[in-house]
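K.L.:
Have a look at this one before I ask anything.
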Amino acid sequence: MILSNLIRFTFLLVASILCLSACKNQVTNAQNESSSTPPNIILILSDDHAWNDYGFMGHELVKTPALDKLANEGVTFTRGYVPTSLCRPSLATIATGLYAHQHGITGNDPSRRLPGGKKGEAYHKQRGEIIAKIDEFDTLPELLKQKGYVSLQTGKWWEGNYSRGGFDEGMTRGFPNPRGRHGDDGLKIGREGLGVITDFIDRAHAKEQPFLVWYAPYMPHTPHNPPPRFLKNYENRGLPESIAKYYAMIEWFDETNGQLVEYLEQKGIKDNTMIVYVSDNGWITNPTQTNRFLPHSKQSPGESGVRTPIMFSLPNQISPQMRTEAISSIDIVPTILAAAGVDIPQGLPGENLFDIMKNEQSIEREAIFGEGFAHDMADLNDPESTLLYRWVIKDGWKLILSYDGVNISYQKHHDQMLTGPRLYNVLEDEFEMVNLASKYPEKVAQLSGKLNEWYEVNERKILQD
């Protein structure tokens with residue numbers, strides 16, 4: 001009897017060990033298979049959103065539970081930047097991986113000084129010429145095609161029909177559609193649900209095709225008209241109405257991100273989906289005017305114009321990390337291409353951060369750079385004709401140099417942009433309250449040299465191409 005029980009126990013023990021081994025192998029095989037399959041890509045592009053207006057960035061009032069969760073699950077760079085703090089050039093940089101002076105889309109619109117103004121034939125012609133600039137470069141959707149990716153455009157898209165950006169499907173019909181300035185039907189996404197995106201994902205997933213989704217909702221961008229269920233969270237707090245509405249818009253936008261991530265989880269594809277988050281530019285609400293911003297934010301080189309958290313989430317390959325190194329949206333294209341297994345084209349100025357994040361290594365980069373131009377483009381083939389500023393950040397020091405690009409209305413309301421060099425230690429002075437240029441002239445000279453070198457190198461690349 002004892003011998004029989006001993007044999008039975010031994011048999012059960014061996015069977016259990018074999019089962020555990022088999023289960024472990026199945027999990028390992030599943031992980032290997034998942035990591036070898038090109039990840040799906042979702043680009044979430046916030047619109048007119050200040051760098052510190054998130055729960056995970058320490059804001060005491062703004063509620064962003066979905067983005068907080070995403071930030072804690074992925075690799076979050078709390079000191080991310082966009083090179084140009086204006087919607088159209090910023091989005092064109094994210095689509096191409098090039099600086100504004102390289103892709104040539106430096107402003108939102110043609111000059112309104114053209115004969116006939118915004119309704120004149122010259123203005124209409126120049127709109128078409130600006131849109132055609134995107135045809136000269138390989139965009140992210142086009143580069144991903146070589147790995148079998150299908151792509152969808154939703155939300156903000158300035159460069160004409162979605163197909164001109166290389167997207168297979170999209171919501172924006174674009175120029176010359178009268179409503180096609182920057183998105184037409186695409187601007188409904190988020191504010192009117194996510195059905196277009198979920199339907200696209202369903203079809204791509206059914207065909208076992210990796211996909212790219214450009215989710216650039218017109219949020220929290222004006223009009224700041226949030227549903228009452230969000231606005232009530234910020235009323236009766238002593239806030240100006242304009243600020244309460246802006247905060248409520250952020251919470252509404254955050255909800256849509258939560259819905260999108262939850263959908264990926266329900267489909268069982270979240271672990272092999274790279275979610276990339278960035279804002280196109282910053283924003284500081286005017287406390288006396290709804291839907292208006294203050295200087296030193298959007299369109300400016302200040303931290304409240306160019307700074308944004310940047311996140312990368314890919315659960316089956318990247319462990320959670322909260323990082324403080326400065327990175328740029330110029331890094332997004334090469335990083336996504338590396339994750340997808342696509343060769344990175346020579347000449348892209350950004351850094352591939354994929355292996356750095358996977359291996360939790362430090363970033364070997366000396367400095368990051370940016371530039372800003374007038375809202376309206378004057379000479380379409382000469383970016384410097386409307387250049388307002390260039391900036392560089394190195395070792396926590398930030399230098400801003402101003403130029404006299406033609407934009408009278410901008411200069412009138414932002415005359416501080418026409419002053420001398422501005423130098424800040426942004427690690428100690430995040431809101432740039434103390435200009436240290438006169439105190440550290442040698443630092444100004446050193447960083448000015450870095451700026452000149454950066455621009456000359458990238459200008460040579462344009463001429464060589």
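K.L.:
When the residues of the stretch 240-264 are filtered to those that are within 28 Å of LEU314 (Cβ to Cβ) and aromatic (Phe, Trp, Tyr), which remaining residue is surrounded by the fewest Cβ atoms within 10 Å (Cβ to Cβ)?
P.N.:
Of everything passing the filter in the stretch 240-264, TYR263 is surrounded by the fewest Cβ atoms within 10 Å (Cβ to Cβ).
K.L.:
Please return the ranges of helices (runs of 4 or more DSSP H) entirely within the stretch 1-100 where 2 or more residues are surrounded by 15 or more Cβ atoms within 10 Å (Cβ to Cβ) and at pLDDT 95 or above.
P.N.:
Qualifying helices (runs of 4 or more DSSP H): 65-73, 87-96.
K.L.:
Quick check on GLY107: is it out of contact with any strand residue (DSSP E or B) (no Cβ under 6 Å at 6 or more places or on another chain), at pLDDT 95 or above and in a loop (DSSP other than H, G, I, E, B)?
P.N.:
For GLY107, the condition - out of contact with any strand residue (DSSP E or B) (no Cβ under 6 Å at 6 or more places or on another chain), at pLDDT 95 or above and in a loop (DSSP other than H, G, I, E, B) - is not met.
K.L.:
Do we find a residue being touching a Lys or Arg at 6+ places or on another chain (Cβ under 6 Å) and either outside any helix (DSSP H, G or I) or at pLDDT below 95 (or both) anywhere in the stretch 135-155?
P.N.:
No, the stretch 135-155 contains no residue that is touching a Lys or Arg at 6+ places or on another chain (Cβ under 6 Å) and either outside any helix (DSSP H, G or I) or at pLDDT below 95 (or both).
K.L.:
Something else: With the requirement that a residue be over 19 Å from SER313 (Cβ atoms) and not polar (S, T, N, Q), what does the stretch 351-364 give you?
P.N.:
GLU364
K.L.:
Something else about it: Hey, among GLU360, GLU351, GLU384, which residue is out of contact with any Cys (no Cβ under 8 Å at 6 or more places or on another chain) and over 27 Å from THR273 (Cβ atoms)?
P.N.:
The conditions single out GLU384.
K.L.:
For residues that are more than 15 Å from the chain's Cα centre (by Cα) and on the phi < 0 side of the Ramachandran plot, tally how many sit in the stretch 269-301.
P.N.:
Looking only at that region, the number is 19.
K.L.:
Another question, then. Which ones in the stretch 319-343 are under 17 Å from ASN359 (Cβ atoms), buried (at least 20 other Cβ atoms within 10 Å of the Cβ) and touching a residue at least 60 places away in the same chain (Cβ under 8 Å)?
P.N.:
ILE327, PRO334, ALA339 - these are the residues of the stretch 319-343 that are under 17 Å from ASN359 (Cβ atoms), buried (at least 20 other Cβ atoms within 10 Å of the Cβ) and touching a residue at least 60 places away in the same chain (Cβ under 8 Å).
The values are calculated or read from the model by the stated rules, or taken from the named source; none is laboratory data. Quantities reported herein were computed from a predicted structural model and do not represent experimental measurements. No Cβ is skipped: glycine too gets one built from the backbone with ideal geometry, and neighbour counts run over all protein chains shown.
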